[in-house]
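**Student:** This is the structure I want to talk about, given as structure tokens.
The values are calculated or read from the model by the stated rules, or taken from the named source; none is laboratory data. In this text, all values refer to a predicted model and were calculated from it rather than measured experimentally. Cβ: placed from backbone, ideal geometry, glycine included. Neighbour counts: every protein chain shown.
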Amino acid sequence: MIEKFELKILNGILMLLAGFLVSCADNSNTDIVTISGRQILVNDVHYIIKGICYHPVPKGSENRDFGNLTEDLSLMVDAGINTIRVYEPITDKSVLDQIQTAGLKVILGFGYNQGGNNDLRSGTFIDYVNTYKNHDAILLWELGNEYNYHPEWFDDDIKNWYNVMSKAAKLIHENDPAHPVTTAHGELPDSLALSLSENIDVWGMNVYRYDDPTTIFSEWSAISSKPMYLSEAGGDSYMTISKDGYDQGNNEKAQADANKKILNSLFSATDICSGVAMFSFTDGWWKAGNPETQDPGGWAPNSTGVPYDGTPNEEYWGIVDIDRNKKEAFIVVKEKYTDLSKNN
């Protein structure tokens, strides 16, 4: 017969063991993301990003809203998209849960200054990492978006940004070994960027080289052995002028033709490039004028390479319009992403 004292010890051990098992269940990753040479691996399987940039803002608003998420995810799955790139953290776990259930992953971006909410300046980004690092929707943590174009945000010295970025990446590595860290750099990083950013695992690049980004792959191969992907690429569906056989005004064919050529170039270089997040999923009426209407115009740094008019009409970049009607570019993306899945 077990004595009362021995029974208490046994019960204590069982309680500790149960707590340990619950803790393991809560903190285990089903999916582990790693880097091997130039490749991103998910559970040791080569992962090509067939992505889309996603910042849904309804008509008449200037704020991101996931109220249309169910329909959006259905359209993304139809298009063969496997990855969503967002520019700021998703703080509603149910949104991440829904993305995971749909079979997609997220490249989750942190900004430098977001009012002390999950940003780099305050350091609160690491709280978010620790909260969601075990969520299987996460693919990569991404630091900044084209900040190299804005030294004025960092006391007119871009080295300050690279130092902040590298320190943040190091802290993420210390807290989450299961997900690599990337950045969305404007164009090809120079030697200064690379030398000060050794803790970046994957380099994202926002690249607008007309309808053919081919040269960036050999340029990257010459300066780095790390993985890279195009964090933004594509064209808009409005022509400011008539050019190259495309008429002025709304022109879905110009966008579709450009996106087709860009994706052909990119998927011919998967030994160097780990994929793309096409810009973007839906038109953004908030970007260039009255958010109640769709307006031509807008501005983006280093954007003269936008096909085919050299002008970034910021409210016309979606592969679906704001009412979720598919544009011609949607069909192109679906064709290219589906073909890539069949061949890999």
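**Student:** Considering each residue of region 113-127, count those that are assigned to a loop (DSSP other than H, G, I, E, B) and either under 16 Å from the mean Cα position of the chain (by Cα) or among the hydrophobic types (A, V, I, L, M, F, W, C) (or both), and give that number. I'd like the intermediate steps shown before the answer.
**Tutor:** Step one: filter region 113-127 for residues assigned to a loop (DSSP other than H, G, I, E, B), giving 113-124.
Within this subset, residues satisfying the condition of being either under 16 Å from the mean Cα position of the chain (by Cα) or among the hydrophobic types (A, V, I, L, M, F, W, C) (or both) are 120.
Residues in region 113-127 being assigned to a loop (DSSP other than H, G, I, E, B) and either under 16 Å from the mean Cα position of the chain (by Cα) or among the hydrophobic types (A, V, I, L, M, F, W, C) (or both): 1 in total.
The rows are residues; the columns are (1) at pLDDT below 95; (2) in contact with a Lys or Arg (Cβ under 9 Å, 6 or more places away or on another chain); (3) hydroxyl-bearing (Ser, Thr, Tyr).
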position	(1), (2), (3)
Ser122	no, no, yes
Val129	no, no, no
Gly144	no, no, no
Trp161	no, no, no
Asp201	no, yes, no
Phe217	no, no, no
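**Student:** Could you please find all residues in region 128-138 being in contact with a strand residue (DSSP E or B) (Cβ under 8 Å, 6 or more places away or on another chain) and in a helix (DSSP H, G or I)?
**Tutor:** Across region 128-138, the qualifying residues are Tyr128, Val129, Tyr132.
**Student:** From the list Phe66, Phe154, exactly one residue is surrounded by fewer than 22 Cβ atoms within 10 Å (Cβ to Cβ) and within 16 Å of Val320 (Cα to Cα). Which is it? Show your work before the answer.
**Tutor:** Working: Phe154 fails: within 16 Å of Val320 (Cα to Cα).
The unique qualifying residue is Phe66.
**Student:** Just one of the numbered conditions (1) of a type outside the set (Gly, Ala, Ser); (2) closer than 22 Å to Met76 by Cβ; (3) not in a helix (DSSP H, G or I) is not true of Leu340; which one?
**Tutor:** Exception for Leu340: condition (3).
**Student:** Continuing with the same structure: Quick check, is Gly111 free of Cβ contacts under 8 Å to residues at least 40 places away in the same chain, closer than 21 Å to Glu314 by Cβ and of a type in the set (Gly, Ala, Ser)? Walk me through how you get there before you give the answer.
**Tutor:** Numbers: free of Cβ contacts under 8 Å to residues at least 40 places away in the same chain: yes; closer than 21 Å to Glu314 by Cβ: yes; of a type in the set (Gly, Ala, Ser): yes.
Here the answer is yes, as Gly111 does meet what is asked.
**Student:** Under 6 Å between Cβ atoms, at least 6 apart or on separate chains: pull out the pairs that start in region 320-337 with a residue that is in a helix (DSSP H, G or I) and end on any residue that is modelled with pLDDT of 95 or more and of a type in the set (S, T, N, Q).
**Tutor:** Every condition considered, the pairs that remain are Ala329/Gln255; Ala329/Asn259; Val332/Asn259.
**Student:** Considering only region 139-169, how many residues are touching a residue at least 60 places away in the same chain (Cβ under 8 Å) and either assigned to a strand (DSSP E or B) or more than 17 Å from Ala193 (Cα to Cα) (or both)?
**Tutor:** Final tally of qualifying residues: 4.
**Student:** Please give the number of the condition Thr183 fails out of (1) without any contact (Cβ under 8 Å) to a residue 60 or more places away in the chain; (2) outside any strand (DSSP E or B).
**Tutor:** For Thr183, the exception is condition (2).
**Student:** Which number in (1) over 21 Å from the mean Cα position of the chain (by Cα); (2) of a type in the set (A, V, I, L, M); (3) assigned to a loop (DSSP other than H, G, I, E, B) marks the one condition that Ala269 misses?
**Tutor:** Of (1) over 21 Å from the mean Cα position of the chain (by Cα); (2) of a type in the set (A, V, I, L, M); (3) assigned to a loop (DSSP other than H, G, I, E, B), only one is false for Ala269: (1).
**Student:** Quick check on Ala178: is it touching a residue at least 40 places away in the same chain (Cβ under 8 Å), part of a helix (DSSP H, G or I) and over 18 Å from Val332 (Cα atoms)?
**Tutor:** Numbers: touching a residue at least 40 places away in the same chain (Cβ under 8 Å): yes; part of a helix (DSSP H, G or I): no; over 18 Å from Val332 (Cα atoms): yes.
Answer is no for this residue.
**Student:** Could you please find all residues in region 234-267 being among the hydroxyl-bearing types (Ser, Thr, Tyr) and closer than 16 Å to Arg209 by Cα?
**Tutor:** Narrowing region 234-267 to residues among the hydroxyl-bearing types (Ser, Thr, Tyr): 237-238, 240, 242, 246, 265.
Matches in region 234-267: Ser265 only.
**Student:** Restricting attention to region 170-190, and to residues there that are of a type in the set (A, V, I, L, M) and over 16 Å from the mean Cα position of the chain (by Cα), which single residue is surrounded by the most Cβ atoms within 10 Å (Cβ to Cβ)?
**Tutor:** Narrowing region 170-190 to residues of a type in the set (A, V, I, L, M): 171-172, 178, 181, 184, 188.
Adding the requirement that they be over 16 Å from the mean Cα position of the chain (by Cα) leaves 171-172, 178, 188.
Details: Leu171: 17, Ile172: 23, Ala178: 13, Leu188: 17.
Taking the candidates together, the pick is Ile172.
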